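As structure tokens, the structure follows; a few thoughts come after it.
The values are calculated or read from the model by the stated rules, or taken from the named source; none is laboratory data. This one's a predicted model, so the numbers in the text were calculated from it and none came from an experiment. Cβ sites come from the backbone with ideal geometry, for glycine too, and all protein chains shown count toward neighbours. Just the protein is used for accessible areas: all its heavy atoms, side chains included, with ligands, DNA and RNA removed. Shrake-Rupley method; radii C 1.70, N 1.55, O 1.52, S 1.80 Å.
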Amino acid sequence: MFPTVREVLALDPVRHGAPRVVAGDDGLDRPVRWVHVAEVPDIATLLGGGELVLTTGIGLPADDAGLRAFIGDLADVGVSGLVVELGRRYLSGVPRVMAAAADRRGLPLVELRRATPFVRITEAVHALIVDAQLTELRATEEIHQRFNDLSVEGADTAEVIRQAAELSGCPVVLENLSRQVLGYDPAGESAELLLDGWEQHSRRIRPAGRTAYDLDSGWLVTTVGARGQDWGRLLLRWPASGDVPSAQAGEPTAGPPTRLTILIERAASTLALGRLIRRDAEGLERQIHRTLLTALLDHSRPVDEVGLRAKALGVVLDRRHLVGVMVRHRADDAAGEVGPEGAQARLRDLAEAVGQAVREAKLTALTSAVDDHSVGALLALADPAAEDRALSAFASALHRVRLDAGTGRVSTAGVDPARGAGPAAVIVAAGSGVGSLREARRSLVEARQIAEAARRDRRDLPIFRLPHVGLAGLLHLLRDEPRLQTFVERELGTLLEYDARHPREQLLDTLRAYLEQGRNKSAAAAAAHLSRPAFYERLARIARILDVDLDSVEAALSLHVALLALEAVRAP
């Protein structure tokens, strides 16, 4: 926001005075917060730092010690520079002792060899400062307007991050609580260099506050979340070159300008808001199906109202045995190949296939896409004993509907998508049957969890049910849950930070070997290819870092679960 000493020296009123820098060249890029005219030696007590001091020297000390003290006081308070007009006190140049003292302290010392009215200098500099402040205000206004528009338009995460990088000219990274990158924009720099070893690098970025600048790393960081639920961090590297300026006494610009703090906070709030908003472009009937299924999942509507609206659609849910079903593609990578629009078309085709399967099996159900990857169905059965038969009929009907692996178009011939390999393969998961609409959410959530966990299961099952899901699968499906990520950080955060600072040791691998070998130290040492004394020493260090008793069954169990959760979080 403020001009530098170098820029001030280039102004016409200053150039009229024939300026010459006699000391402190390295400090010419210091910002000038204000211009102060002074003719007394103890002026430093009246300054706050960042001022450019103008003087004729008529009131300065006559002795060398006094001049050194005068320069030292100015440097201590953090002034930007000292400009001395020649002709009144000093005729041919400033005293050599003054220049030497200024050079030692890195304080820019400038001679004006021609008489110049100081008022013209102060007017020019202050006008420059005010103009810079107005520019900053306009930039801030543009930031607010830009992110307001993004919020109204429901912009996706990638667009919000791109806009933040464009407005700031700096690399921007969005990560979750486990330091996994959710999105980024390198702002023209190398993405590979930006993200290389990101998790370890991120763990060394520890700002003090919800929004703060970490001077050591050069990253401006803010927490991302809404409604009291934090789920990530947004980071902006300033300056983009990575050369973080050193803080000088009294200098207000040891960190990024205020507009960047405003920018990153607005971007974070837009991301948080966008996470709460789901946009949909389905037909009216499918929208109602989705509204009702979503209402059961997030309690957004009274259960009785859901029952009434479903009945009006011809789907009777009252006094029925209800079973939640989720169908999803086993792989998500096709979305990256076909683009966002292709991924949405692929999901719509899957929803059509599920609806067709429900009709072919002669079942009654609410069906709709419920998120970016899954299609849900709430089957309504008249007889609880018919649950297995109905699910088998649905799975068989879906098996007869082929999803073309390249386009996702519905067909009635070809490879069985629920059993076949490739990108068109789908998973069918069913929750436990329930006897009332008020319990339907439990069955739907259970089905969603099973479907997500089943992606890690290579078995070829027509329908996945709860007994098929183990602990690793359960943690995998919960990997995006902030509370699970918080648990991992609480249990393993200090050890992960230690490994980030000491990449050659990797004590996490030692802990994993110990727990995977059932706390058998000899077997764990062999598995880790370490001598027993070295392995025991590492275990002792881990215990000190984590402040736990590794011989405690309860502590070991908690750490083992945290390790499995960490692997789930890191899994693609």
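Here are some notes:
- Considering residues of the stretch 296-333 that are in a helix (DSSP H, G or I) and either at positive phi or among the basic types (Lys, Arg) (or both) only, the residue least open to solvent (accessible area, probe 1.4 Å): 309
- Residue 170 meets the conditions (1) open to solvent by 40 Å² or more (accessible area, probe 1.4 Å); (2) at pLDDT 85 or above in every case but one. The failed one is (1).
- Taking the listed residues 133, 163, the one that is exposed (fewer than 13 other Cβ atoms within 10 Å of the Cβ), assigned to a helix (DSSP H, G or I) and not hydroxyl-bearing (Ser, Thr, Tyr) is 133, with no other qualifying.
- Test result for residue 119, open to solvent by 80 Å² or more (accessible area, probe 1.4 Å), part of a helix (DSSP H, G or I), modelled with pLDDT under 90 and under 25 Å from residue 54 (Cα atoms): yes
- Residue in the stretch 96-110 that is outside any helix (DSSP H, G or I) and farther than 15 Å from residue 30 by Cα present: no
- Restricting the stretch 499-549 to residues that are of a type in the set (D, E, K, R) and touching a residue at least 60 places away in the same chain (Cβ under 8 Å), the residue that is surrounded by the fewest Cβ atoms within 10 Å (Cβ to Cβ): 501
- Odd one out for residue 199 among (1) touching a residue at least 40 places away in the same chain (Cβ under 8 Å); (2) more than 20 Å from residue 166 (Cβ to Cβ); (3) not in a helix (DSSP H, G or I): (3)
- Selection count where residues are within 17 Å of residue 376 (Cβ to Cβ) and either of a type in the set (S, T, N, Q) or under 44 Å from the mean Cα position of the chain (by Cα) (or both), scope the stretch 308-320: 5
- Annotation: of all residues in the stretch 422-476 being touching a residue at least 24 places away in the same chain (Cβ under 8 Å) and among the acidic types (Asp, Glu), the one that is farthest from residue 561 (Cα to Cα) is 439.
- Residue 569 meets each of the listed conditions (1) crowded, with 19+ Cβ neighbours inside 10 Å; (2) at pLDDT 90 or above; (3) hydrophobic (A, V, I, L, M, F, W, C) apart from (2).
- Taken over the stretch 550-566, the residue count meeting the criterion of being in contact (Cβ under 8 Å) with a residue 40 or more places away in the chain and in contact with a Leu (Cβ under 9 Å, 6 or more places away or on another chain) is 9.
- Listed by position, the helices (runs of 4 or more DSSP H) enclosed by the stretch 434-523 that each have at least 3 residues that are β-branched (Val, Ile, Thr) and out of contact with any strand residue (DSSP E or B) (no Cβ under 6 Å at 6 or more places or on another chain) are 482-501.
- Applying the condition of being open to solvent by less than 30 Å² (accessible area, probe 1.4 Å) and in contact with a Ser or Thr (Cβ under 9 Å, 6 or more places away or on another chain) to the stretch 485-495 and asking which residue is nearest to residue 537 (Cα to Cα) yields 488.
- Boolean, residue 522 is within 27 Å of residue 452 (Cα to Cα) and polar (S, T, N, Q): no
- Of the numbered criteria (1) modelled with pLDDT under 85; (2) open to solvent by 50 Å² or more (accessible area, probe 1.4 Å); (3) in a loop (DSSP other than H, G, I, E, B); (4) over 30 Å from residue 203 (Cβ atoms), the one residue 250 fails is (2).
- The single residue among 376, 420, 408, 355 that is at pLDDT 90 or above and open to solvent by less than 40 Å² (accessible area, probe 1.4 Å) turns out to be 376.
- Residue that is surrounded by fewer than 21 Cβ atoms within 10 Å (Cβ to Cβ) and on the phi < 0 side of the Ramachandran plot, where the choices are 75, 69: 69
- Qualifying residues in the stretch 141-160 (those that are free of Cβ contacts under 8 Å to residues at least 40 places away in the same chain and under 16 Å from the mean Cα position of the chain (by Cα)) - the one least open to solvent (accessible area, probe 1.4 Å): 159
- Assessment of the stretch 539-560 against the conditions (within 25 Å of residue 205 (Cα to Cα), among the basic types (Lys, Arg), touching a helix residue (DSSP H, G or I) at 6+ places or on another chain (Cβ under 9 Å) and not in a helix (DSSP H, G or I)) yields no matching residue.
- Test result for residue 10, open to solvent by 50 Å² or more (accessible area, probe 1.4 Å) and farther than 27 Å from residue 261 by Cα: yes
- Condition met for residue 293 (out of contact with any strand residue (DSSP E or B) (no Cβ under 7 Å at 6 or more places or on another chain), on the phi < 0 side of the Ramachandran plot and modelled with pLDDT of 85 or more): no
- The residues on offer are 183, 106, 87, and the sole one that is open to solvent by less than 60 Å² (accessible area, probe 1.4 Å) and touching a residue at least 40 places away in the same chain (Cβ under 8 Å) is 106.
- Considering 20, 33, the condition of being of a type in the set (Lys, Arg), touching a residue at least 24 places away in the same chain (Cβ under 8 Å) and closer than 18 Å to residue 131 by Cα is satisfied by 33 alone.
- Qualifying residue in the stretch 457-473 (condition: open to solvent by 20 Å² or more (accessible area, probe 1.4 Å) and modelled with pLDDT of 90 or more): yes
- Residues that are part of a loop (DSSP other than H, G, I, E, B) and at pLDDT 85 or above do not occur anywhere in the stretch 220-237.
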